[in-house]
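Engineer: Supplied in structure tokens, the structure appears directly below.
The values are calculated or read from the model by the stated rules, or taken from the named source; none is laboratory data. Because the structure is predicted, anything quoted here is derived from the model rather than measured. We place every Cβ from the backbone using ideal geometry, glycine too, and count neighbours over all the protein chains shown. For accessibility, only protein heavy atoms count, side chains too; no ligands or nucleic acids. Shrake-Rupley method; radii C 1.70, N 1.55, O 1.52, S 1.80 Å.
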Amino acid sequence: MKLFAICIDAGDPGKLATFWAGVLGREVIDGAVLPAAADRGFRIRFAESRAPKVVQNRLHFDLTSTSLEDQQATADRAVQLGGRHIDVGQLPEEGHIVLADPDGNEFCVIEPGNNFTAGCGVIGTLSCDGTPEVGHFWSAALGWPLVWDQDEETAIQSPQGGPKISWGGPPYAPRNGRDRLRLDLVAAEGEDRQTEIDRLVGLGATIAGPDPSQAGRLLMTDPDGNEFSVA
């Protein structure tokens, strides 16, 4: 299995795609924000949803910066494009800037010099609430090695580099309704889709049924109950 995209539910998919393309300096092709070749980032697709956002997301992007001026410029650009500053309990002495996109999805702009996101690209991390067990599940599911595994925190990264996916906690954000940010998987070339689905179930995933956001996708949940889909 390989990671095809990060899917975000959106009231207006086109509007949210334009926002994220502007913040990241990327292109929108067929409704998806494509990764920059130089940083091997995530493809981001947007699924139309009329469900309101009522709780803090369990997944969010951590964006990188090269200087304090660059960090502020990214935050300012996000606000100009329709984002806003928010308070999720961050401390004054913490160096990151916390914002929300036009649909209220949280994200952070990380201070320069952060060792964890060094060399990861504009999107440094997809940061998730989750147990160590779910980090091990995703390492096996995607074939990405663990690059961090201690103090109830795990992180994985593609062997080709690029952004990390990390899990940490407790506490964990509550879940209310379906997850607004999800991982989209696709069978890699030469893989049989059903065989891969069976392998994911063997690793601890559960089949939930057809994915309502797109025909032909199967909705599944990982060992922590986080939704993902398989094309």
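Engineer: Given the rule -39500 (n - 2.57) for each run of at least 4 DSSP H residues, summed and divided by the residues of the chain, what is its mean residue ellipticity at 222 nm, to the nearest 500 deg cm²/dmol?
Structural biologist: -6500 deg cm²/dmol
Engineer: Could you state the number of Å between the C-alpha centres of the stretch 104-152 and the stretch 171-228?
Structural biologist: The distance from the Cα centre of the stretch 171-228 to that of the stretch 104-152 comes to 19 Å.
Engineer: Oh, and also: In whole Hz, what ³J(HN,Hα) sequence does the stretch 32-37 give by Karplus (6.51, -1.76, 1.60; θ = phi - 60°), x for Gly and Pro?
Structural biologist: 10, 8, 8, x, 7, 4
Engineer: Using Stokes-Einstein with the Kirkwood hydrodynamic radius over Cα pairs, what translational diffusion coefficient do you get for the stretch 162-231 at 10 °C and a viscosity of 1.306 mPa s, in µm²/s rounded to a whole number?
Structural biologist: 119 µm²/s
Engineer: Using a 1.4 angstrom probe and counting only protein chains, how large is the accessible area of L146 in Å², to 10?
Structural biologist: Approximately 60 Å² for this residue.
Engineer: While we're looking at this one, here's another question. Pulled fully out, how much extra length does the chain show between K2 and E152, if you take 0.36 nm times their separation in residues and subtract their Cα-Cα distance?
Structural biologist: Residue separation times 0.36 nm, minus the Cα-Cα distance, leaves 51.5 nm.
Engineer: Using the Kirkwood formula on the Cα atoms of the stretch 24-111, what hydrodynamic radius do you get, in angstrom to one decimal?
Structural biologist: Details: mean 1/r = 0.0697 Å⁻¹.
Hydrodynamic radius (Kirkwood, Cα only) of the stretch 24-111 equals 14.4 Å.
Engineer: Subtracting the Cα-Cα distance from 0.36 nm times the residue separation, let me have the gained length for R50 to N115 in nm, one decimal.
Structural biologist: Stretched fully, the R50-N115 segment lengthens by 19.6 nm.
Engineer: Also: Which ³J(HN,Hα) values in Hz, rounded to whole numbers, follow from the phi angles of the stretch 104-113 under the Karplus curve 6.51 cos²θ - 1.76 cosθ + 1.60, where θ = phi - 60° and Gly and Pro get x?
Structural biologist: Residue by residue, the stretch 104-113 yields x, 6, 6, 7, 10, 10, 7, 5, x, x Hz.
Engineer: Let me ask something else about it. Given that compact globular proteins tend to follow 2.2 N^0.38 Å, what is the ratio of the alpha-carbon Rg of the chain to that value?
Structural biologist: Its radius of gyration relative to the 2.2 N^0.38 Å reference: 0.97.
Engineer: Which of the GluC sites (Glu not before Pro) found in the stretch 168-231 are in a DSSP loop and have at most 13 neighbouring Cβ atoms, other than their own, within 10 Å?
Structural biologist: On the way: sites: E189, E191, E196, E227; in loops: E189, E191.
Of the GluC sites (Glu not before Pro), the ones in loops of the stretch 168-231 whose Cβ has at most 13 other Cβ atoms within 10 Å are E189, E191.
Engineer: Give the carbon-plus-sulfur fraction of the accessible surface of the stretch 1-104 in %, rounded to a whole number; probe 1.4 Å, heavy atoms of protein chains only.
Structural biologist: 51 percent
Engineer: Would you mind telling me the share, in percent, of accessible area of the stretch 180-223 contributed by carbon and sulfur at probe 1.4 angstrom? Intermediate values should be presented prior to the final figure.
Structural biologist: Working: 1160 of 2180 Å².
After summing per-atom areas, the C and S share lands at 53 percent.
Engineer: Can you list residues from other chains, or at least 5 along the same chain, whose modelled amide H is less than 5 Å from the amide H of L185?
Structural biologist: Under 5 Å from the amide H of L185: F4, S229, V230, A231.
Engineer: Restricting the count to DSSP beta bridges whose residues both fall in the stretch 1-129, what percent are antiparallel, rounded to a multiple of 5? Can you show the working numbers first?
Structural biologist: On the way: 14 of 22 bridges.
The antiparallel proportion sits near 65 percent.
Engineer: Compute the length gained on full extension between E69 and A36: take 0.36 nm times their separation in residues and subtract their Cα-Cα distance, giving the result in nm to one decimal.
Structural biologist: 9.7 nm
Engineer: How many nm separate the modelled label positions at V88 and R175, each set 7 Å beyond the Cα in the direction of the Cβ?
Structural biologist: So the label points at V88 and R175 sit 1.8 nm apart.
Engineer: To continue, here is another question. Expressed as a rounded percentage, what relative contact order does the stretch 1-151 have, with Cα pairs under 8 Å and six or more residues apart?
Structural biologist: It comes to 25 percent, rounded to a whole number.
Engineer: Then there's this: 5 Å is the cut-off here: which amide hydrogens, built 1.01 Å from N in the peptide plane, fall below it relative to G124, excluding neighbours closer than 5 in sequence?
Structural biologist: Under 5 Å from the amide H of G124 lie the amide H atoms of D62, L63, T64, each far enough along the sequence or on another chain.
Engineer: Follow-up. Calculate the all-directions average of the projected area of the stretch 103-193's alpha-carbon convex hull, and give it in nm². Spell out each step's value before the answer.
Structural biologist: Values: hull surface 30.9 nm².
Here the figure is 7.7 nm², rounded to one decimal.
Engineer: What fraction of the DSSP beta bridges in the stretch 126-174 is antiparallel, stated in percent and rounded to the nearest 5?
Structural biologist: Rounded to the nearest five, the antiparallel share is 65 percent.
Engineer: Another one. Using the beta-carbon distance between V201 and I29 and R0 = 25 Å, what value does 1/(1 + (r/R0)^6) give for FRET efficiency, to the nearest 0.05?
Structural biologist: For R0 = 25 Å, the calculated efficiency reads 0.15.
Engineer: Per residue, how large is the accessible surface of the stretch 76-231? Use a 1.4 angstrom probe and give square angstrom. Show your work: numbers first, answer last.
Structural biologist: Working: 7180 Å² over 156 residues.
With the other protein chains kept in place, the stretch 76-231 gives 46 Å² per residue.
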